[in-house]
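The values are calculated or read from the model by the stated rules, or taken from the named source; none is laboratory data. Keep in mind that what you see is a predicted model, and the values were worked out from it rather than measured. As a convention, Cβ positions derive from the backbone with ideal geometry for all residues, glycine included, and neighbour counts pool all protein chains shown. Side chains included, ligands, DNA and RNA excluded: accessible areas come from the protein's heavy atoms. Shrake-Rupley method; radii C 1.70, N 1.55, O 1.52, S 1.80 Å.
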Amino acid sequence: MSKQTPSNKRPWCFRWPLSWVASAALLVSLLSLVPLGFVVWVAFQSGWTTASALIFRPRVGELLINTALLVVFTVPLCAVLAVALAWLTERSDVPGARAWAWLAVAPLAVPAFVHSYAWITVAPGLHGLPGGVLVSVLAYFPFLYLPISAALRRLDPGMEDTAASLGLNPWTVFFRVVLPQLRLAVCGGALLIGLHLLAEYGLYVMIRFDTFTTAIVDQFQSSYNGPAANMLSGVLVLCCFALLGLESAGRGSERYARLGSGSARMPQQRRLGRFTLPCLLLPVLTTVLALGVPLVTLLRWLTAGGAGVWRFDEIWPAISQTLALATVGALLTTLAAVPMAWLSIRSPGRLQRFMEGCNYLVGSLPGVVVALALVTITVRVALPIYQTAVTVLLAYALMFLPRALISLRAGIAQAPIELEQAARSLGRSPARAMWSVTLRLAAPGAAAGVALVALGITNELTATLLLAPNGTRTLATAFWAYSSEIDYAAAAPYALIMILLSLPITWLLYTQSKRSAGR
């Protein structure tokens with residue numbers, strides 16, 4: 001008698017023998033390692049003497065202190081603000097909770113360098129570390145608010161009721177029961193903010209605060225000093241790895257799930273009573289600082305510039321080039337993510353997890369590191385594609401692949417494997433079965449991935465500045481060109497258009513967050 005396949009194993013047709021899927025996923029993973037491999041190769045080629053001379057110097061120490069202080073101050077402030085706003089909008093009877101919840105997410109529609117542009121208009125003396133921390137908190141706290149508010153919606157209120165029945169006061173219940181269950185959300189959001197702080201360029205240039213990213217771009221643009229810029233990139237990569245390690249250690253290995261569905265009822269809203277007005281001041285003040293200042297500043301400059309700032313002969317080409325790069329880049333990136341997303345759901349394993357980790361790891365690198373690697377590689381071994389759309393699109397794919405991968409993976413996970421098996425049993429090839437069945441059912445997830453990648457490309461600045469062909473003028477680079485010339489009125493239309501293009505994606509993130517919690 002022949003052995004029967006155990007029921008807990010996947011059918012043979014969904015394992016690695018689907019070599020074309022595995023080969024495509026492996027190729028994408030190897031390409032994603034190019035920037036990281038380039039940094040290691042340059043450090044090795046430079047030799048210890050040159051590398052140590054470029055790394056162990058006062059300027060690098062100054063940049064390291066600036067970057068470390070920025071992260072140390074910004075991330076905890078973002079966490080405190082996000083937790084307070086999430087608790088108010090999800091667990092209290094604060095008036096207008098739904099409106100404040102949306103307004104807490106809306107600052108994501110404003111690019112970080114537009115936040116900086118608005119604040120230096122309002123407060124020209126704002127610069128250095130205090131200015132960097134203030135603007136960074138206002139620009140990035142929604143990255144923590146979204147996961148924390150979603151986690152609060154999913155928490156079982158029975159655990160809080162049990163703690164209260166033991167005589168614990170509300171503050172003790174929050175710190176001993178609620179806050180520990182938010183640990184994963186806080187760690188994940190803090191990591192995302194930390195990586196954004198390391199990668200951001202425009203925000204800190206405008207307020208004259210030096211970080212590794214600003215120094216790398218300045219080094220590259222002023223003298224094209226390859227070794228110095230590459231060594232700074234190496235230190236920046238080590239900072240990224242340090243953040244990843246800290247997040248992993250902070251997340252720990254505790255279990256955050258429970259058996260059973262928990263309490264089916266909604267958590268009880270806490271009555272604020274006489275504290276309603278003081279508590280209401282927090283979302284009001286946050287909205288005024290994070291949204292009111294940028295919008296009022298834009299209206300001020302648009303009014304001051306009049307109709308003359310709407311130079312449609314320049315604006316329409318910038319919109320068309322931005323949309324073209326965003327559309328093509330988003331489609332190519334999502335297409336490149338399909339093999340890995342399919343394997344992660346249909347054929348998980350150690351090799352698959354390793355390849356998927358490569359994509360996430362390189363996706364956490366700052367855009368300036370990716371751009372600098374592609375510049376040097378194309379100049380040395382692929383000169384025909386230097387400063388062409390091909391290089392720009394490749395950079396976008398490397399930077400934003402994790403966004404497409406996460407969305408696609410969620411979509412494929414919701415497509416029943418039995419339908420794909422049925423299509424295979426009817427004679428369809430693996431490629432046709434995956435295309436006609438799985439990918440069609442995963443279309444909403446793919447669409448979300450395309451939208452998220454397109455949003456990232458629309459607001460991307462650093463890689464586009466370094467890699468774009470001559471004559472390319474996106475909304476972000478046009479805004480940057482005018483703002484660098486202190487022509488803030490001419491820059492205002494480009495900032496406004498970027499915000500208007502980003503708002504629908506921001507709303508999508510907000511609705512997806514509520515849907516994930518069953519709201």
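The residue of region 53-99 that is modelled with the lowest pLDDT, among those that are more than 18 Å from residue 149 (Cβ to Cβ) and hydroxyl-bearing (Ser, Thr, Tyr), is 67. Taken over region 265-322, the criterion of being more than 30 Å from residue 162 (Cβ to Cβ) and small (Gly, Ala, Ser) is satisfied by 290, 292, 304, 305, 306, 307, 308, 318, 320. Per the listing 428, 515, 440, 473, the residue uniquely open to solvent by 60 Å² or more (accessible area, probe 1.4 Å) and at pLDDT 85 or above is 473.
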